[in-house]
Amino acid sequence: MAEHPYRNLLPLSPKELSLHHFGAEGVLDLPDFQWQFHINRIEDVFAKIRFPLAPHRKTVYDFIFLAEGTTARSKDLHRFEFGRNTFFFLPALQISAHEYMSADAKGFFCHFNADILNNLFPNTPFYDNFPFWQFSAHPLVTINDAMREPILNILNRLLSEYESNPSPNPAILSAYLVTLFTELSIVKTASVLTSQHSALRLTEKYKDLLSRSIYSHHKVTEYASMMAITPDHLNKCVKSTLGKTAQELLSDRIILEAKVLLKQTALSVSEIAFKFAETNPSDFARFFKAKTGLTPKEYRRQGAI
């Protein structure tokens, strides 16, 4: 896998992720192995989570399986509200926010380091084998009731191995994870990202380019050129599918990245402003407040991270 453009932007480690979710008072006492793998039942911890969770980027891959209840979580610029029998997959280094979780929520949360699975896929990375782990893929996979018990059995086996051994066996955990992902890979997802609608395909390609190139390209014309279409055509596609302009979507992406930088780095507002354009920092501050209702410094002071 090529070096990811966000790898040097200080994504949250598992320990920092626990602090982000629970705060200093409720941070989980997790074993050292959490750096490689962690799993817990949602109902055991979700009441302690400080919803809504601000946009953040992390070092590990994670997934949620919601057995009961509802929740809303984002992947990049997409917001997803989902419920019973549904998985949500998030690749490492991709921005996510978590809006809420219902009081009746039950299921599992799991995160893992890519190395734990790359040992089983030394020549072909696991995310090539399981498309729902890819950066631009639709993150939801919903299973039917016939699959529910076999899937819960795998998740409970993962939890049992993790909790019953001081040093869980990475080979056993990897085998269970691969079994789980293989079972899910045959499930047909109702993904808008696989739509054959031309305008939607181009809009999703634009979103993907924004997620990968926002620090190096700051103009709609540059993205249109990368897609080999005119800026006007790109704008019409985005407008017809999202109801906003290509420039508004680019601005949304900048705000999302700025939020993460404000919370997860010590970069000054000026340094963050210059990451997106050679502009006066005061102009960036006005732009940020117009979009969020807060100045960059006010947003940074909110919350523990």
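A quick yes/no check of all residues on (1) assigned by TED's automatic domain parsing to the domain that holds F135; (2) touching a Ser or Thr at 6+ places or on another chain (Cβ under 7 Å); (3) in a helix (DSSP H, G or I):
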| position | (1), (2), (3) |
| --- | --- |
| Q34 | yes, no, yes |
| H38 | yes, no, no |
| A47 | yes, no, yes |
| A54 | yes, no, no |
| F63 | yes, no, no |
| A72 | yes, no, no |
| R79 | yes, no, no |
| F89 | yes, no, no |
| A97 | yes, yes, no |
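When the stretch 176-200 is limited to residues that are among the hydrophobic types (A, V, I, L, M, F, W, C) and either surrounded by fewer than 15 Cβ atoms within 10 Å (Cβ to Cβ) or closer than 30 Å to H233 by Cβ (or both), the one that is modelled with the highest pLDDT turns out to be A199. Out of everything in the stretch 154-165 that is farther than 16 Å from I42 by Cα and out of contact with any helix residue (DSSP H, G or I) (no Cβ under 7 Å at 6 or more places or on another chain), what residue ends up being surrounded by the fewest Cβ atoms within 10 Å (Cβ to Cβ)? Only one residue tops the list, namely S164. Taking the listed residues S136, S102, the one that is surrounded by fewer than 20 Cβ atoms within 10 Å (Cβ to Cβ), in contact (Cβ under 8 Å) with a residue 60 or more places away in the chain and among the small types (G, A, S) is S136, with no other qualifying.
Of the helices (runs of 4 or more DSSP H) lying entirely inside the stretch 202-305, those carrying at least 1 residues that are within 21 Å of A137 (Cα to Cα) and of a type in the set (K, R) are 246-264. State yes or no: is S251 at pLDDT 90 or above and either of a type in the set (S, T, N, Q) or over 19 Å from the mean Cα position of the chain (by Cα) (or both)? Yes, satisfied. Residues in the stretch 254-285 that are modelled with pLDDT under 95 and basic (K, R): K263, K275.
I'd like to know if the stretch 64-75 contains one or more residues that are under 13 Å from the mean Cα position of the chain (by Cα) and among the polar types (S, T, N, Q). Within the stretch 64-75, one or more residues are under 13 Å from the mean Cα position of the chain (by Cα) and among the polar types (S, T, N, Q). No other residue among L209, L242 is hydrophobic (A, V, I, L, M, F, W, C) and closer than 30 Å to Q36 by Cα apart from L209.
Out of curiosity, is L173 in contact with a helix residue (DSSP H, G or I) (Cβ under 7 Å, 6 or more places away or on another chain) and either in the same structural domain as K236 (by TED's automatic domain parsing) or at pLDDT below 90 (or both)?
Here the answer is no, as L173 does not meet what is asked.
The values are calculated or read from the model by the stated rules, or taken from the named source; none is laboratory data. On a predicted model such as this, the values are computed, not experimentally measured, just so you know. No Cβ is skipped: glycine too gets one built from the backbone with ideal geometry, and neighbour counts run over all protein chains shown.
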